Each structure stands twice: as structure tokens, then as C-alpha cells.
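The values are calculated or read from the model by the stated rules, or taken from the named source; none is laboratory data. Treat the numbers as computed from the prediction; the structure is a model and nothing was measured. Cβ placement follows ideal geometry from the backbone for every residue including glycine, while neighbour counts extend to all protein chains displayed. With ligands, DNA and RNA removed, areas are computed over all heavy atoms of the protein, side chains included. Shrake-Rupley method; radii C 1.70, N 1.55, O 1.52, S 1.80 Å.
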Amino acid sequence: MSNTELLSDQATQKIDDLTCSITENVILSSDQQESTLINSDSNSCSKDMSDIDSQVKKSISESDIKPSKDNNFYLIKWIEFNFEELPILLQNVNGPCPLLAIFNILLLRKRIIIDSNRDVISTERVVTLLAEYILEYDQSKLSDEDRINYEHNVQDALAVLDKLKTGLDVNLKFDGVDKFEYTRECIVFDLLNIQLFHGWVIDPQDIELRTIVTADAPSYNQLVEKMIRQRHSEREELVRESLLIEQFLDENRSQLTHYGILQLNQTMRDNQLAVFFRNNHFSTIWKNQNQLLVLVSDQGYLDHKSIVFETLTDIDNDSLFTDGYGRIWRKPEPVDSSRDRDLAIAIHNEEERLFHEAQLQQQQQQQQQQEQEQSLVNSSQPSGSSLRQSKKSKNKSKRSSEDGDDKESCNLL
């Protein structure tokens, strides 16, 4: 057997043993349910990676998602993101929780899928889903050397998965938003293809401070040690350096600088999802059309569907909420119920007044129309005196004509 094959088998053995241990712990912590994975022969796990993968999948299906007494669970909020309805996990207690930031990125990337009818998920199941995703990577295209390195990375990542629930040992550097001192925990981000950023960067125009920091104290831990060490030095220039460092740390307690925000916007790609480290807290950050947005993962916003991100524009936390498309959320204006009631009464009274006026006007028009019709009828029919006068005049004319005839007849005689 070659040395390469021997190393590969040894790495696989370590991964198998570690993964089996994690799988057993997950199943045991899941309300202590009985599982077919744990039996009298569970002291020895299979050395085959496919067996491990099937065991992890089985533990996922059997793990209970009911909230535990220790609030060891996450609420699920469904949001609109990139024209799809996707889930994110919300934090129930304040804490660093890099697990939440990492898992939300995988959910938004649709690398991990959860049932649409779920509204809560246990922490143990989240860890198991993450372990399953790590083990699903196709190693067939890797060379022997790359596969060995990958398996070592998987071993390191699985070893720190449990730490993701509480925090990671991260030591940032002040010369770039993507600069961190490499630790074992950082392998998780590399393995999942997730970048880790911060915004605590010294402005290059501050030449003196930048020289002090980059000389022999590029990281946060080294800078604090240097400040303490030189504080009581007999050399005046060293004491002054200590005071400058202390002033810098005091003025930037938010662990964010204006230059850091500028460089963060220049470094991140558009539509990129990453983890943002600030004040010992890990958040999911998204760049959308030159706008930096931090995912709102507090469970207090569970019922606010239109609040998804908040802007990262300055160091004073003067942020605005946005929806899943980066559009600014506007708070609805408060409604004065008493004012609305008075307005409604006034409108009702005005409508009644107009109705009565219209009704009265209609009645007047009808009355006028009736009077006009009656006058027309009266003018078309002559009165009784007129008839009598016309009859008398006719009688007179008749008598006069008869008298004339009599006179004419006499004359003839």
C-alpha cells in the first residue's frame, strides 16, 4: 500500500469515528429518543463514508424539533428573497451564534431545504443538517492529495460544529475587511465557501496609527497586548504609542470604521451573501446594488414579514429597515381614532344635509310642475260667465236679424 493510500485511510478512519460520535450525541440529545443507530454494537461505527452519510440522514429524520426546556431551538420565518419565499432562522436569545449566520446563508442559497410547514427547529437538528451538507460533497473529482486535505478539513470542521452554537475564536486584523488570524475554526467558512468579513479597518490616511499597528501588532489581540505592555514603559515614545492605541480602541468601540464600510462595499461582490463579524457577534450580510444589508434575525420581528434587512451605512447604527429586495421599509403613520371619529360624524352630517336639500328641491320642482299643468288646463276651458255672455250675444244677433227680416217684408208689402 502506498503512503498516499495509507494517509487517506487514516484520515477516513478519523472522520468516521468523529462523525459517528457526533451522530450519537445528536440522537441522544434529541429528547433521549430510542434510535436504531444506538444498540449494543454502537461502540464500533462503520468505516465507510456512505454508511456515515446514511446514519446522519436517519438521525435528521428522527430528531425531534419540539422546543426544549433550555430554549435550544430556533423559530423559522419565511421571507421573500430574490423573488422566492425562503426560510431563515431567528435568534431566541442574544449571543454571538455563528451557527445561525452560516445556516441562514445556506438557506438563502437553497443549499439546505427545510419543510415549508415547519415553524420551529431544534439546534441539534440544525447541527445535523449542517454536518450532512458537509459530508455530501463529491470527492470523486479530487486528486489523492486534495482528497486527503479535504478530509482533514472535514475532520476539523466537524470538530468545531458544536462551538458554532455559542461562538468562535476569531482574531481580526486591522489592515483589511477580510483579514483574520487563521485558526482551526476558520476552516468551517472555507469548507462551506462562505466568506467572513469585518469592518474594523484603520484608515490609510492615519499614517502614524497604521504604522504602529502594522509594524508588530496587526491583530486585535496583539494590539491590546502591546497597549498594556507599553503603558508603563520608561520610554516616552512607547507610552505615546500606547495612548494612541487606547484612543483608537475607545473611539471605535462599535468595531466599525467609516473606511471599513467603504472597503467592505468595494470588496464584496454584488448579490454576495457572507458572514459579518462585529462586536463579537456574527450576522448574515448581503450586498445588493452597492447597498450593504444585514439580515434581521431577532425573533421579535417574526410577524413583521416586510422587515428582512437593515442598512449598514455608518458607524452610529443609524440604520433603516428594508424588505427582501432592499427596498426601504416605511413605518405606517399613527392613526388618531378620535379624529377619525369626528371626521366620520362630520361627513355623515354633511351627507344628510345635502340629502334633505336635494329632497326639498325635488318637492318644490314637483309642486311647480303641478301648478303649471293646472294653469294650462284652466286656460284651455272658458268659464261659465263667458259662455252665458256668448249665448246672449248670439240671441241678440238672432233677434236683430229676425227684426230686419220683418221690416224688409213690410216694405215689400
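Residue-wise test of (1) at pLDDT 90 or above; (2) touching a Ser or Thr at 6+ places or on another chain (Cβ under 7 Å).
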{"position": "VAL160", "(1), (2)": "no, no"}
{"position": "ASP169", "(1), (2)": "no, yes"}
{"position": "PHE180", "(1), (2)": "yes, no"}
{"position": "GLN222", "(1), (2)": "yes, no"}
*Within region 183-209, how many residues are without any contact (Cβ under 8 Å) to a residue 60 or more places away in the chain and either under 25 Å from VAL294 (Cβ atoms) or open to solvent by less than 60 Å² (accessible area, probe 1.4 Å) (or both)?*
11
_Unmet criterion (only one of (1) under 18 Å from ASP190 (Cα atoms); (2) modelled with pLDDT under 85; (3) open to solvent by 70 Å² or more (accessible area, probe 1.4 Å); (4) not small (Gly, Ala, Ser)) for GLN139_ = (3)
*Scan region 143-196 residue by residue and report those that are of a type in the set (Val, Ile, Thr) and outside any helix (DSSP H, G or I).*
THR166, VAL170, VAL177, THR183, ILE194
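Mind checking which residues of region 109-139 are of a type in the set (A, V, I, L, M) and under 21 Å from the mean Cα position of the chain (by Cα)? Explain how you work it out, then say what you get.
The first filter runs over region 109-139 and keeps only residues of a type in the set (A, V, I, L, M), leaving 112-114, 120-121, 126-127, 129-131, 134-135.
Result: ILE112, ILE113, ILE114, VAL120, ILE121, VAL126.
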*Since LYS179 meets every condition but one in (1) touching a residue at least 40 places away in the same chain (Cβ under 8 Å); (2) in contact with a strand residue (DSSP E or B) (Cβ under 9 Å, 6 or more places away or on another chain); (3) of a type in the set (D, E, K, R), which condition does it not meet?*
(1)
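Counting residues that are open to solvent by 60 Å² or more (accessible area, probe 1.4 Å), at pLDDT 95 or above and touching a helix residue (DSSP H, G or I) at 6+ places or on another chain (Cβ under 6 Å), which strands (runs of 3 or more DSSP E) fully inside region 244-318 reach at least 2? Even if it seems obvious, please write down each step before you answer.
Working: elements: 273-278, 281-288, 291-295, 309-311.
Here the list is empty.
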*Some residue of region 214-237 being among the basic types (Lys, Arg), within 32 Å of the chain's Cα centre (by Cα) and open to solvent by 80 Å² or more (accessible area, probe 1.4 Å)*: no
*Right, ARG125: open to solvent by 20 Å² or more (accessible area, probe 1.4 Å) and in contact (Cβ under 8 Å) with a residue 40 or more places away in the chain or not?*
yes
*In region 182-201, the residues that are of a type in the set (Val, Ile, Thr) and out of contact with any Ser or Thr (no Cβ under 7 Å at 6 or more places or on another chain)*: THR183, ILE187, VAL188, ILE194
*Options VAL160, VAL154, VAL170; residue that is buried (at least 18 other Cβ atoms within 10 Å of the Cβ), among the aliphatic types (A, V, I, L, M) and under 20 Å from PHE276 (Cα atoms)*: VAL170
*Under 6 Å by Cβ, and 6 or more places apart or on different chains, what pairs join a residue from region 273-293 that is of a type in the set (S, T, N, Q) with one that is modelled with pLDDT of 95 or more?*
SER283/ALA101; SER283/PHE276; SER283/VAL294; THR284/ALA101; THR284/ASN104; THR284/ILE105; THR284/LEU295
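Can you tell me which residue in region 58-92 is surrounded by the most Cβ atoms within 10 Å (Cβ to Cβ), limited to those that are aliphatic (A, V, I, L, M) and at pLDDT 50 or above? It would help to see each step written out before you state the result.
Looking only at region 58-92, we keep the residues that are aliphatic (A, V, I, L, M), and these are 60, 65, 75-76, 79, 86, 88-90.
Checking which are at pLDDT 50 or above leaves us with 75-76, 79, 86, 88-90.
Values: LEU75: 17, ILE76: 20, ILE79: 20, LEU86: 18, ILE88: 23, LEU89: 25, LEU90: 19.
The selected residue is LEU89.
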*Would you call GLU241 surrounded by fewer than 18 Cβ atoms within 10 Å (Cβ to Cβ), modelled with pLDDT of 90 or more and of a type outside the set (A, V, I, L, M)?*
no
